[in-house]
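Below is one structure; the comments refer to it alone.
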Amino acid sequence: MTPNAFEALPLAAPLQRVLRELNYTTPSPIQAQAIPLLLQGRDLLGCAQTGTGKTAGFALPILNALHERPKQLRPKTCRTLVLAPTRELAAQVGKSFSTYGREVKFRQTLIYGGVGQVPQVNAMRAGVDVLVATPGRLLDLIDQRHVDLSQVEFFVLDEADRMLDMGFLRDVKRIVSLLPARRQSLFFSATLAPNIVELAQS
Ligand code: AMP
């Protein structure tokens, strides 16, 4: 076992199995740095662009926790909330969770605007382990009492800089204010402009 291989990371057997099947042998730099910290329950502010493997960098430790600590889900809640700026990105993150988590028992769904809300409301009814959402529609469903963020254990803000560029700062701040204080927070941004750092600190 080489020291800088996935096998050397304390990820559960079903995740190791999938990584072997995908022929992922060596963690990318962001994965090598992020995964051990996240497995220890630390918060993270990561500077990483798309294509660096950041999605596996956060999905693997979260899936590891869901696998090791399965929980009865409460109606309308999620254990993990990933915020993404666009529907396309949300779908991509959801697909990554499905792929990396294909041997882990967990429930996930997507929430984004531009489509009918009924299937999204139904998908949230029994609660999910992983919710990947865009901010606007998520707040709509929260205001209608279809989604409850009080049980979030892992909060991921993906592409934080794009989120702010798209004018989502107020929405993101409101969503953060609804999260429980005790949680693990992960921020990913391609740049670390002062407004990103300020948001992360808040
Ligand atoms: P991302 O930056 O998360 O969008 O990932 C970029 C691409 O790299 C995706 O297609 C992943 O499937 C792939 N990938 C991520 N991590 C690894 C790895 N450690 N080894 C090989 N491919 C990877």
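Throughout, read-outs are computed from the coordinates displayed, never taken from laboratory work. What you are looking at is a predicted structure, and each value in this text was computed from that prediction instead of being measured. Cβ placement follows ideal geometry from the backbone for every residue including glycine, while neighbour counts extend to all protein chains displayed.
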- Selection status of ALA13, away from the ligand (no atom under 12 Å from the Cβ), exposed (fewer than 13 other Cβ atoms within 10 Å of the Cβ) and of a type in the set (A, V, I, L, M, F, W, C): yes
- Item | All positions within segment 27-62 that are of a type in the set (Val, Ile, Thr), over 15 Å from the mean Cα position of the chain (by Cα) and not in a helix (DSSP H, G or I) | THR52
- Hits in segment 118-147 (condition: assigned to a loop (DSSP other than H, G, I, E, B) and either small (Gly, Ala, Ser) or surrounded by 15 or more Cβ atoms within 10 Å (Cβ to Cβ) (or both)): ALA126, GLY127, THR134, HIS146, VAL147
- Query: Of all the residues that make up segment 47-73, how many are buried (at least 21 other Cβ atoms within 10 Å of the Cβ) and within 11 Å of the ligand (Cβ to nearest atom)?
  - Reply: 8
- Query: Within segment 41-66, how many residues turn out to be among the aliphatic types (A, V, I, L, M) and within 20 Å of ALA193 (Cα to Cα)?
  - Reply: 3
- Item | Checking THR80 against (1) over 29 Å from ASP148 (Cβ atoms); (2) more than 13 Å from the ligand (Cβ to nearest atom); (3) of a type outside the set (Asp, Glu); (4) not in a helix (DSSP H, G or I), the condition it does not meet | (1)
